[in-house]
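Input: a single structure, listed below in structure tokens.
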Amino acid sequence: MTHLAAAIMVDDPAAAITQAERAKREGADLVELRLDRLAMQPQAGDAARRLVQACPLPSIVTCRPEWEGGEYLGDEENRLAVLSAACGGPRRPVYVDIELAAYQRSAEVRAAVGSILDQTDAPGLILSSHDFTGRPADLLRRVEAMADEPRCRVIKIAWTARSLRDNLEAFDLLRSAVKPMIALCMGEAGLPSRVLAKKFRAVLSFARIGDDPGTAVGQPTLRELRDLYRWNEIGRDTSVYGVVGWPVGHSRSPAYHNARFTDEHINAVYLPMPIPPEYEHFKATMLTWLDWESLHFRGASVTIPHKENLLRFVEERGGTIEPLAASIGAANTLAVRSYGGLEASNTDYAAAIAAVCDATGILPEGLAGKGVAVLGAGGAARAVATGFAAMGARVTIYNRSVARAEALAEQIGETGGGRVRARSLEDVERAQADIWVNCTPVGMHPDADTTPLPDPPPSWGPGTVVFDTIYNPRETRLLRDAAAAGCTLVHGDEMFDRQAAAQFDLWTRPLAVSSRLRKEQRRKYAVGFQEPRTK
Ligand code: NAP
């Protein structure tokens, strides 16, 4: 069993008990009582002993010195005395944690720890080693040294992840461990090691309680681990999905997909996957995650700046690229088939068109001849403009940098998507269009009072459709202005939910069903494009 442990930095024992009670309510089954600060107070030993007795959950006791990333600044003798007192009451902690370096360095430390371990019902010894700067060069030697210590019951190794690939090394250590083990990567890139600790049979994973800052960078909250990342459902065969981007911290996708996995009783979890912008990082991470069979990595949502990188990667690996994704020049979905084949698709364009059609009652074929003003010429604009142009709409791209709008218009024309015009964003005041789509980030949280159009255009009125692809906030300033002018509104979450639902179908429906769904979607929303070819 892998425990869900809450780490509590103890200043005041009464407050620590309240924290532990809250941890229990939030799903923890173990607490780590970090005595670093308490141990520097008078009568710390008595306070630590009483704390362990009163703790509502089984405990680990730790007093981490500053030299190992903790806050304890006193001498070793006092530290060991406090730990010994904490373990001396009738109710013992389950584990006592001592740093490998302290244990190896000093016979006194080994003797003091030995006398704790020699008691009846003594706690187990966790020998631990941490590196807050990155992966230590002697990582494997440290693990071996802990494994070789006869009194060590649990090996704990933690280091700050340099990239997502470090998580795989943590999983490898867990798989080959000769003793029970905790292997965690710290920092944002280390989140998979915390969420998937249960998949790889670690002794425990640590989490924060509520708004508490926690005891290491990158610790999720208990609620996040339990409710968002499906802690209770994770097992050895759990499939892994994620959202690849840089940054990805703001993404709504983990909430959407994990909730869908729960609703549909699918044994899978979906994680944020931050990967730096360069193709080399994308490729190296994807290759290692895909090759790691026991990870069961089955697919990803791909967002800025990696949508073009996904196309290149799947092409290089001989996978299948949806033709419209190739025309758009960007893909947002990677699906890994059971035989290992890769598929890159774009679910943004159909989602944008469906959001407009559903909100307005216009049939997809009714878009032919409609005037569409697309604001922006980035990734979202590329998918939206290509999609509407493919439906026969008269698309004009308005962008701050007109050269980028021209390049996009030209590219859509060259790939057979129809004639698309390009204008400067300054010209938008004189624009006439039936459908307006904001594909710039202007108006997004936290700048929610900004708008890409300083004043609503005079041509706006009942019958004009205004679509803001921004979904945070839902009611953007642009949409508020459009509502005041009597326009029909389309919200960004209408697109988000549809593109996410299409991704979910691609991953979870049997290949034949998802191919049929995609074919129907292509017929409906992108006439004129060919079916995919398998390379
Ligand atoms: P992107 O590739 O970075 O493109 C941003 C575009 O906005 C560029 O054309 C840029 O103009 C323009 N822009 C940026 N700041 C501007 C400013 N201050 N004033 C005027 N124009 C500005 O980003 P993206 O991937 O296309 O995403 C754009 C927005 O679409 C995001 O904010 C996101 O909310 C939304 N989106 C929504 C969904 C959904 O499912 N609802 C999906 C994808 C994206 P330059 O070319 O001149 O730099």
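For the reader, a short list of remarks on this structure follows.
- Restricting attention to the range 394-419, the residues that are free of Cβ contacts under 8 Å to residues at least 60 places away in the same chain, open to solvent by less than 20 Å² (accessible area, probe 1.4 Å) and either more than 25 Å from Pro454 (Cα to Cα) or small (Gly, Ala, Ser) (or both) total 2.
- The residue that is farthest from Val31 (Cα to Cα), among those in the range 194-233 that are of a type in the set (A, V, I, L, M, F, W, C), assigned to a loop (DSSP other than H, G, I, E, B) and open to solvent by less than 10 Å² (accessible area, probe 1.4 Å), is Leu196.
- Test: Ala85 is among the small types (Gly, Ala, Ser), out of contact with any Leu (no Cβ under 7 Å at 6 or more places or on another chain) and either part of a loop (DSSP other than H, G, I, E, B) or surrounded by fewer than 20 Cβ atoms within 10 Å (Cβ to Cβ) (or both): no
- Filter pass, Asp138 being in contact with a strand residue (DSSP E or B) (Cβ under 9 Å, 6 or more places away or on another chain) and without any contact (Cβ under 8 Å) to a residue 24 or more places away in the chain: no
- Residue match in the range 115-138 (condition: closer than 18 Å to Phe206 by Cα, open to solvent by 10 Å² or more (accessible area, probe 1.4 Å), in contact with a Phe, Trp or Tyr (Cβ under 6 Å, 6 or more places away or on another chain) and hydrophobic (A, V, I, L, M, F, W, C)): no
- Set side by side, the residues Val314, Val356 differ, and just one is touching a Leu at 6+ places or on another chain (Cβ under 6 Å), more than 11 Å from the ligand (Cβ to nearest atom), part of a helix (DSSP H, G or I) and open to solvent by less than 10 Å² (accessible area, probe 1.4 Å), which is Val314.
- Of all the numbered requirements in (1) in contact with a strand residue (DSSP E or B) (Cβ under 7 Å, 6 or more places away or on another chain); (2) within 16 Å of Arg151 (Cβ to Cβ), Ser106 misses one, and that requirement is (1).
- One residue alone among Pro446, Pro452, Pro441, Pro457 is without any contact (Cβ under 8 Å) to a residue 24 or more places away in the chain and either closer than 25 Å to Tyr471 by Cα or among the aliphatic types (A, V, I, L, M) (or both), and that residue is Pro446.
- Residues (part of a helix (DSSP H, G or I) and open to solvent by less than 20 Å² (accessible area, probe 1.4 Å)) located in the range 425-454: Val428
- Scope the range 359-381; condition open to solvent by 30 Å² or more (accessible area, probe 1.4 Å) and either out of contact with any Leu (no Cβ under 9 Å at 6 or more places or on another chain) or within 20 Å of Asn399 (Cβ to Cβ) (or both); matching residues: Thr360, Gly361, Ile362, Leu363, Glu365, Gly366, Ala368, Gly369, Lys370, Gly379, Ala380
- Residues of the range 462-476 that turn out to be at negative phi and more than 13 Å from the ligand (Cβ to nearest atom), as a count: 5
- Residue in the range 291-301 that is within 16 Å of the ligand (Cβ to nearest atom) and either open to solvent by less than 10 Å² (accessible area, probe 1.4 Å) or within 24 Å of Thr238 (Cβ to Cβ) (or both) present: yes
- Evaluated against (1) hydrophobic (A, V, I, L, M, F, W, C); (2) open to solvent by 50 Å² or more (accessible area, probe 1.4 Å); (3) not in a helix (DSSP H, G or I), Ala422 falls short on exactly one condition, (2).
The values are calculated or read from the model by the stated rules, or taken from the named source; none is laboratory data. Computed from a predicted model, the values in this text were never measured in an experiment. As a convention, Cβ positions derive from the backbone with ideal geometry for all residues, glycine included, and neighbour counts pool all protein chains shown. Protein only, heavy atoms only, side chains kept; ligands, DNA and RNA dropped before computing areas. Shrake-Rupley method; radii C 1.70, N 1.55, O 1.52, S 1.80 Å.
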